[in-house]
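Just so you know, all these numbers are worked out from the coordinates, no wet-lab data involved. Treat the numbers as computed from the prediction; the structure is a model and nothing was measured. Neighbour counts are summed over all protein chains in view; Cβ atoms, including those assigned to glycine, are modelled from backbone coordinates with ideal geometry.
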Amino acid sequence: MKSNLIESIKLRRSIYNLNNQSTISDQQLIDQIKAITQFVPSPFNIQSGRVVILLGENHHKLWNIVLETLRKIVPAANFASTENKIKSFDAGYGTILFFDDTPSVEDLKAKFPLYQQHFDSWADQANGMLQFAVWTYLAEHNMGASLQHYNPLIDDEVKKTFNLPKEWRLIAQMPFGTIAAPAGEKSFLPIDERVRVHK
Ligand SMILES: Cc1cc2nc3c(=O)[nH]c(=O)nc-3n(C[C@H](O)[C@H](O)[C@H](O)COP(=O)(O)O)c2cc1C
């Protein structure tokens, strides 16, 4: 039986050429991202993942922060390619920011000292599940997205600009929009080297 989930997983790619359009209404996007955030699992049901959806001017503000932050540290001779890359994200419709609420994780460490060395990694793993679910949801609606990591360089400015708690740790940025150009070829390792079956 064909699985819609697996078809959507296959469809998801890193899309770098985005248009400033959406196939999904803003309200539907917001409602579905809330549902994904609510239902994706987390260690001990900690629910420490935090999501910020930036649309319109706020999306452009984010990529302007990235641009101006990198301008200060990238040598001027190399800046044109950096600027083009950032402009390609800014060309999209919106950006989803993924954070982790660090006090929630610290509470869990105090409550369950036996597992405390695992919790940072588990929080990241749960956040990755959340990112993947959102990315796949966008793909299912023919929306392109990619995963970017300008943290921690931009963290302070992002929190100041969007009035976010200082305890939130920025983990990833996902610019998205309709697909201006499809992803390139992707190579795959032989799957039987990666998945072994004992039956
Ligand atoms: C945890 C993780 C981190 C990634 N970080 C970046 C990144 O910082 N910048 C970027 O352009 N792509 C990033 N990617 C995208 C991968 O390069 C991409 O998923 C991979 O090459 C497979 O291509 P596909 O997404 O088109 O299937 C990341 C992917 C994952 C899962």
Q: Quick one: work out Rg over Rh on the C-alpha atoms of region 102-164, Rh as Kirkwood radius.
A: 1.09
Q: Report the extension gain between ARG194 and ILE6 in nm, rounded to one decimal, defined as 0.36 nm multiplied by the number of residues separating them, less their alpha carbon distance.
A: 65.9 nm
Q.
Suppose R0 equals 22 Å. What FRET efficiency, 1/(1 + (r/R0)^6) with r the Cβ-Cβ distance, do THR23 and LEU147 give to the nearest 0.05?
A. 0.65
Q: Output the peptides 15-27, 123-135 sorted from most to least packed, where packing is the average of other Cβ atoms within 10 Å over each peptide's residues.
A: 123-135, 15-27
Q. PHE44 to ALA181: extension gain in nm, 0.36 nm per residue of separation minus the Cα-Cα distance?
A. 45.3 nm
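Once you charge only the Cβ atoms, +1 for Lys and Arg and -1 for Asp and Glu, what is the size of the charge dipole of region 16-180 about its Cα centre, to the nearest 20 debye?
In total the dipole reaches around 200 debye.
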**Q.** Spherically averaged projected area in nm², based on the convex hull that wraps the Cα atoms of region 16-180
**A.** 9.8
Q) How far is it, in nm, from the label point at LYS166 to the one at LYS85 when both lie 7 Å from their Cα along the line to the Cβ? A) 3.0
Q | Relative contact order (%) - region 1-149, alpha-carbon pairs under 8 angstrom, separation at least six | A | 44
